[in-house]
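Notes follow the structure.
The values are calculated or read from the model by the stated rules, or taken from the named source; none is laboratory data. Everything numeric here is computed off the predicted structure, so don't read it as measured data. Cβ: placed from backbone, ideal geometry, glycine included. Neighbour counts: every protein chain shown. Protein only, heavy atoms only, side chains kept; ligands, DNA and RNA dropped before computing areas. Shrake-Rupley method; radii C 1.70, N 1.55, O 1.52, S 1.80 Å.
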Amino acid sequence: MSDTWEQLLARMREFSDLGHTVALLGWDQETKMPLRGGDARARQMATMRVVRHELLVDPSLLELLDRAADEVDDVERTAMIRWLRRERDRASKLPPEFVRRLALAEGRGSNAWRVAREEGDFALYRSELEELIAAKREEADRVGFDGERYDALLDQYEPGMRVERLEPMLAGLRRELGDLLAAINARPQLPPAPFEGRLFPDRQQWDLTIRLLGDLGYDMTAGRQDRSAHPFTQTIALGDVRVTTRIDERHPLSAVFSTIHEAGHGMYEQGFNPAFEDTPLAEAPSLGLHESQSRLWENLVGRSLPFWQHYAPVMHEVFGEAMAGATAEDIHRACNRVQPSLIRVEADEVTYNLHILIRFELELALMREHLEVAELPSAWNDAYERTLGVKPPNDVLGVMQDIHWSSGSFGYFPTYTLGNLYSALLWDAYAATDAGAEQHIRRGEFHHLLGWLREHVHRHGAVDLGEDLIRRVTGSGLDHRPFMRYLWGKYAPLYGLEPPA
């Protein structure tokens, strides 16, 4: 190993350590930190981010990258250089004082969001959100873009994606989802499950989610589960990948699907090639690809009939009388009932992406300065009424339901829909290689799917760009048609529909 490469690896480890320290502070903020610690935590995270930023923009790093690029001739090291150079180039356009200001705005925004949600008062959050959005507009302008301001933010999460491509793609998806939703709405609603309205004790739900994590393949010796208001996954190291869930004693499927969803993220993080640890390759190449893992496990596996043919007896074992009279088919219908609703994370698969489209349109309007923060609650409510036919009775169930904007994650929401599209492509590719795919799930044998994902997706980390990896694995680039075929294939028999020709 050349001296140049050893020096560059040492820099990568420093960046990794600092980034993971910020991640640990963030995990603690969401799970353990007392509310009054918010201002101090914002300063602590801002300081760590400025330290990392200053190391990134150090001229000596650019010299190392240039020398290493001349010496390296293998794919993995070339990819490491590409990702680190990309991050450095972006950082070089942001002065340290701006990085600190943005980090403080994000930390304070998250804290204000918690207080405002608790009090049910958007006004308690408005000024912090205004400051944060102004900072995100400034960030985009400083970084620069070849299309429009939103592109600079979107590119952080889905490298290479642009509004010019995304907007018409999502508009086409909206039309086809609307057709499916209209067909379902014309049919009688699925009957309620026998267990609906019964009480499912917190402790029993928690034990079930821990069991689920182990069954699916999440390594509890390299991770843990905690609780948070908004479930998430946070990586502190490849041997320390943490997930969270939330529990509602009246709705046991909420915790089940939160846990399965985050397990998908967590197993992806646990599956990176150990040789990539502390380098830019120990990451997903895009959040759309990351989301494909959580959505594949949550929906294509967890909401399938074979899954519940395996887990219905487990539900009876864990909850006893609360599950009296419920069959696998009852649970399957309950978790696939289509009903326009207010809460994104509780939405069915048909309407879920409509929730994302609302957020995408509002984000675009904010970044284009066609919408101001004071107008956001009413714009949100109008969009829900127009798109889903429901109107939030308050802002906690409306504009304040997600944590993303409070922490500055503008450009993030579209990756959820991209993840749904990728998940259908991946499932089709896997099922084509395993004639017993559904039978394995029916028997609770999830290692077949996990092993396939490990081989074809996880271990590659960020060697390839996200869509390039999908194209290599599935033979197709980003395409909404397999996802729509999947939805029609599931919901046509459930609702007695005639699939489109």
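Among the numbered conditions (1) outside any helix (DSSP H, G or I); (2) open to solvent by 20 Å² or more (accessible area, probe 1.4 Å), the only one that ALA462 does not meet is (2).
Those helices (runs of 4 or more DSSP H) of region 245-357 in which at least 1 residues are farther than 22 Å from LEU497 by Cβ and of a type in the set (D, E, K, R), considering only elements entirely within it, cover 252-270, 287-295, 305-319.
Going residue by residue through region 481-498, is there one that turns out to be closer than 30 Å to GLN156 by Cβ and of a type in the set (Asp, Glu)? Within region 481-498 (the criterion being closer than 30 Å to GLN156 by Cβ and of a type in the set (Asp, Glu)), the answer is no, since none of the residues qualifies. State whether one or more residues within region 160-177 are crowded, with 20+ Cβ neighbours inside 10 Å and more than 27 Å from TYR491 (Cβ to Cβ). Yes - at least one qualifying residue is present in region 160-177.
Kindly provide the set of residues from region 232-273 that are open to solvent by less than 20 Å² (accessible area, probe 1.4 Å), within 16 Å of the chain's Cα centre (by Cα) and among the hydrophobic types (A, V, I, L, M, F, W, C), ordered by number. Matches in region 232-273: VAL241, VAL243, PHE257, ILE260, ALA263, MET267. Being open to solvent by 20 Å² or more (accessible area, probe 1.4 Å) and closer than 17 Å to ASP240 by Cα: is that true of GLU283 here? Yes.
Look at (1) touching a Gly at 6+ places or on another chain (Cβ under 9 Å); (2) at pLDDT 95 or above; (3) buried (at least 16 other Cβ atoms within 10 Å of the Cβ); (4) not small (Gly, Ala, Ser) and you find that ARG41 fails only one, number (2). Exactly one residue out of GLY466, GLY411 is more than 30 Å from ASN111 (Cα to Cα) and under 22 Å from the mean Cα position of the chain (by Cα), and it is GLY466. Of the residues in region 78-85, not one is outside any helix (DSSP H, G or I), within 29 Å of ASP464 (Cα to Cα), touching an Asp or Glu at 6+ places or on another chain (Cβ under 9 Å) and not charged (D, E, K, R). For region 378-405, the set of residues classified as open to solvent by 30 Å² or more (accessible area, probe 1.4 Å) and among the aliphatic types (A, V, I, L, M) consists of VAL390, VAL396, LEU397, listed by residue number.
What pairs can you find where one residue is in region 78-93 and closer than 17 Å to GLY461 by Cα, the other is of a type in the set (Gly, Ala, Ser) and outside any helix (DSSP H, G or I), and their Cβ atoms are less than 8 Å apart, with a gap of 6+ or different chains? Pairs found: ALA79/ALA462; TRP83/ALA462. Taken together, LEU35, LEU61 contain a single residue that is open to solvent by 60 Å² or more (accessible area, probe 1.4 Å), more than 19 Å from PHE276 (Cβ to Cβ) and in contact (Cβ under 8 Å) with a residue 12 or more places away in the chain, which is LEU35.
Mind checking whether some residue in region 46-63 is under 27 Å from the mean Cα position of the chain (by Cα) and more than 25 Å from PRO159 (Cα to Cα)? Within region 46-63, one or more residues are under 27 Å from the mean Cα position of the chain (by Cα) and more than 25 Å from PRO159 (Cα to Cα).
Of all the numbered requirements in (1) open to solvent by 50 Å² or more (accessible area, probe 1.4 Å); (2) in contact (Cβ under 8 Å) with a residue 40 or more places away in the chain; (3) basic (Lys, Arg), ARG149 misses one, and that requirement is (1).
For SER407, the criteria (1) on the phi > 0 side of the Ramachandran plot; (2) at pLDDT below 95 hold in every case but one, which is (1). Just one residue in the set LEU281, LEU300, LEU296 is within 21 Å of the chain's Cα centre (by Cα) and either of a type in the set (Asp, Glu) or within 26 Å of HIS20 (Cα to Cα) (or both); that residue is LEU281. Counting only residues that are open to solvent by 10 Å² or more (accessible area, probe 1.4 Å) and aromatic (Phe, Trp, Tyr), region 406-429 holds 3 of them. Remark: pairs (first residue in region 399-413, touching a residue at least 60 places away in the same chain (Cβ under 8 Å); second residue open to solvent by less than 10 Å² (accessible area, probe 1.4 Å) and hydroxyl-bearing (Ser, Thr, Tyr); Cβ separation under 8 Å; 6+ apart in sequence or on different chains) = MET400/TYR125; ILE403/SER110; SER406/SER110; SER406/TYR125; SER407/SER110; PHE410/TYR150; GLY411/TYR150. Being farther than 29 Å from ASP479 by Cα and open to solvent by less than 70 Å² (accessible area, probe 1.4 Å) is true for just one of ASP215, ASP155, ASP207. Which residue is that? Step by step, each of ASP215, ASP155, ASP207 is checked, and only ASP215 is farther than 29 Å from ASP479 by Cα and open to solvent by less than 70 Å² (accessible area, probe 1.4 Å). Every condition in (1) under 22 Å from SER258 (Cβ atoms); (2) basic (Lys, Arg); (3) open to solvent by 30 Å² or more (accessible area, probe 1.4 Å) is met by ARG368 except one, and the failing one is (1).
Candidates ALA79, ALA116, ALA91, ALA68: the one that is under 18 Å from VAL50 (Cα atoms) and either in contact with a Leu (Cβ under 6 Å, 6 or more places away or on another chain) or buried (at least 21 other Cβ atoms within 10 Å of the Cβ) (or both) is ALA91.
Only one residue in ARG224, ARG198, ARG203, ARG187 is over 28 Å from ALA91 (Cβ atoms), outside any helix (DSSP H, G or I) and either free of Cβ contacts under 8 Å to residues at least 24 places away in the same chain or in contact with a Pro (Cβ under 6 Å, 6 or more places away or on another chain) (or both). Which one? Being over 28 Å from ALA91 (Cβ atoms), outside any helix (DSSP H, G or I) and either free of Cβ contacts under 8 Å to residues at least 24 places away in the same chain or in contact with a Pro (Cβ under 6 Å, 6 or more places away or on another chain) (or both) holds for just one of ARG224, ARG198, ARG203, ARG187, which is ARG224. Across region 452-468, the number of residues qualifying as touching a Lys or Arg at 6+ places or on another chain (Cβ under 9 Å) and without any contact (Cβ under 8 Å) to a residue 40 or more places away in the chain comes to 1. When the residues of region 127-142 are filtered to those that are among the charged types (D, E, K, R) and within 18 Å of ALA42 (Cα to Cα), the one that is surrounded by the most Cβ atoms within 10 Å (Cβ to Cβ) is LYS136.
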